[in-house]
Structure formats: C-alpha cells, structure tokens
Amino acid sequence: MRIILLGAPGSGKGTQAEKIVNHYKIPHISTGDLLRAEVAADTDLGRKAKAIMDGGGLVSDDIVLGMIAKRLEDDSYAEGFMLDGFPRTLSQAQSLDAMLTQLGQPVDIVIFFDVDYGEIMQRLLARKRADDTEETIRKRLEVYEAQTAPLIDYYKAKGNLRTVQGAGEVDAIAQHIFQILDEVR
Ligand code: AP5
Ligand code: MG
C-alpha cells in the first residue's frame, strides 16, 4: 500500500502515522522528521534547513526530493510506504508522480486531514517544538494555504483523495482511517 498523509501543520499526520505504522507495519517517511534529524546531527543539509524551518518556510524542493528519492529507490520501500509532510507543493507532487511512475508504484490513496485552524493553533502552542511559536505557526499555516492546500484538488482530480475529520479522539480517527485503508488494500 502506498499512502500519502496530507494536511495542515498540526492536523495530526504524525500522530496517525504512528497508529498506521503499528497496525499495518508499513514504513513511514516524514520529511519533517528527516530534516529535524539532519538539524540535530548538525550536517550541512541540517544547517541549511534550520533557519528555514524555524521561520516556518519550505526547504527547497531539491533537498526534499533528494531525501525522498534516496529512500524510494531502496528495496525496503518496494512493498509500500506512507509519506507524511510530503509532497507539499505542486512541483513536489509532480516530481513524486514521475518518480513513482518510473518505479511502477503509483500512490493508492491520499488521506486528507480536515481540521480548523483555531484547533491547530491550540494544539501546536501546547506542544513546544522549536517551530511551534505563535508567529511561526501562523507562517506555516500561510505557507500551507498557499502552497500545499492546492494538492487537495490535485489528488481529488486523480480520484484517490479521502477526507478524514481530524478533530476528536485520536483512536476514533485512527479507526476511521483503518476502515478506509482496508477498502483499498
Ligand atoms: P513537518 O514536520 O512536516 O511539520 P508540519 O507539517 O508543520 O506538521 P506537524 O508535524 O507540526 O503536524 P502533524 O500534522 O504531524 O501533527 P501531529 O501529529 O504532530 O515540517 C516541519 C518543517 O520542515 C516545515 O515547516 C518545513 O520547513 C520543513 N519541511 C518538511 N517537509 C517538507 C517538504 N516536503 N518540503 C519543504 N519543506 C519541508 O500533531 C500536532 C499536535 O497535535 C501534537 O501535539 C499532537 O499530540 C496533537 N494532536 C494530534 N492529534 C490530535 C487530536 N485528534 N486531538 C488533539 N490533539 C491532537
Ligand atoms: Mg508531523
């Protein structure tokens, strides 16, 4: 199964990814987690990414696409995978399509987490990650609205987008996602 988790910052992608990983034993690729690991290891890439992430902007497509390509070409992802926080721009989505067409592994389903921005602000202000200040959260939401939200229509047009209400009990949301994934499995 090849899954994309799509949604605003704080919509619950990472939280539900963990549930999906436990349930389906599917490898999880979070570009945010990969970038934070580079920052923590103080690599060249991490140093380039840090200021952008702290400001709530998007790291350049070539950095992110390079990280994704490296993994998707690895055999351990041949049976399926779940992408979280990627793609995030139309050009990333198009590059992903090209990569997966070449590998003969099209995306099966895109789960879109629908959560209102008021709830997101509350959740993220309560969390305290480095990019969870009020100003950075606002910027991340603006960037999401301008660059990532158009992917909802992009995947709707392809016919593989399913919307999940992302507010409510974490386990109830997970059960809803499992139902959807069981249909496409
Ligand atoms: P990334 O790490 O992807 O962050 P994000 O998209 O801003 O989203 P979050 O991880 O904050 O939220 P989430 O949807 O995973 O929600 P979570 O489950 O954590 O990206 C960080 C940065 O890296 C970007 O800003 C960018 O700079 C860069 N980057 C990453 N990918 C990139 C790409 N492809 N291209 C370019 N740049 C890229 O939940 C949030 C909180 O809510 C948690 O505290 C959680 O406990 C809580 N919560 C979750 N579910 C519920 C619920 N149902 N009820 C109540 N609380 C809940
Ligand atoms: Mg996340």
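Scaling against 2.2 N^0.38 Å puts the C-alpha radius of gyration of the chain at 0.98. Working note: Karplus 6.51/-1.76/1.60 with θ = phi - 60° gives segment 20-26 the couplings 5, 4, 5, 6, 10, 6, 10 Hz, where Gly and Pro are set to x. Val21 sits among other residues whose Cβ lies under 13 Å from its own Cβ, and their net charge, with Lys and Arg +1 and Asp and Glu -1, is 0.
The mean sequence distance of close C-alpha pairs (under 8 Å, at least 6 residues apart), as a share of the length of segment 21-117, puts its relative contact order at 30 percent. In the assembled protein chains, Arg129 presents an accessible area of approximately 80 Å² (probe radius 1.4 Å). Once all protein chains are placed together, Lys158 keeps about 100 Å² accessible to a 1.4 angstrom probe.
Here segment 114-185 is treated as an ellipsoid with the same Cα gyration tensor; its semi-axes, largest first and in whole Å, are 26, 18, 9.
Treating the Cα atoms of segment 58-159 as identical point scatterers in vacuum, please give the log10 of the normalised Debye intensity I(q)/I(0) at q = 0.13, 0.15 Å⁻¹, two decimals. Normalising to I(0) and taking log10 leaves -0.56, -0.73. Ligands, DNA and RNA are left out, and with a 1.4 angstrom probe the accessible area of segment 90-185 is 57 Å² per residue.
The listed residues Asp74, Asp132 rank as Asp74, Asp132 when sorted by accessible area, largest first, using a 1.4 Å probe.
By the rule of a C-alpha distance below 19 Å, with chain neighbours fewer than 8 residues away ignored, the lysines paired with Lys156 are Lys13.
Between Lys156 and Glu135, residue separation times 0.36 nm minus the direct Cα-Cα distance comes to 4.4 nm. With 27 Å as the limit, the listed pairs Lys25/Lys70; Lys50/Lys139; Lys70/Lys139; Lys50/Lys128 have Lys70/Lys139 beyond it between alpha carbons.
The values are calculated or read from the model by the stated rules, or taken from the named source; none is laboratory data. The structure displayed is predicted, hence computed values, not measured ones. No Cβ is skipped: glycine too gets one built from the backbone with ideal geometry, and neighbour counts run over all protein chains shown. Surface areas here come from the heavy atoms of the whole protein model, side chains and all, with no ligands, DNA or RNA. Shrake-Rupley method; radii C 1.70, N 1.55, O 1.52, S 1.80 Å.
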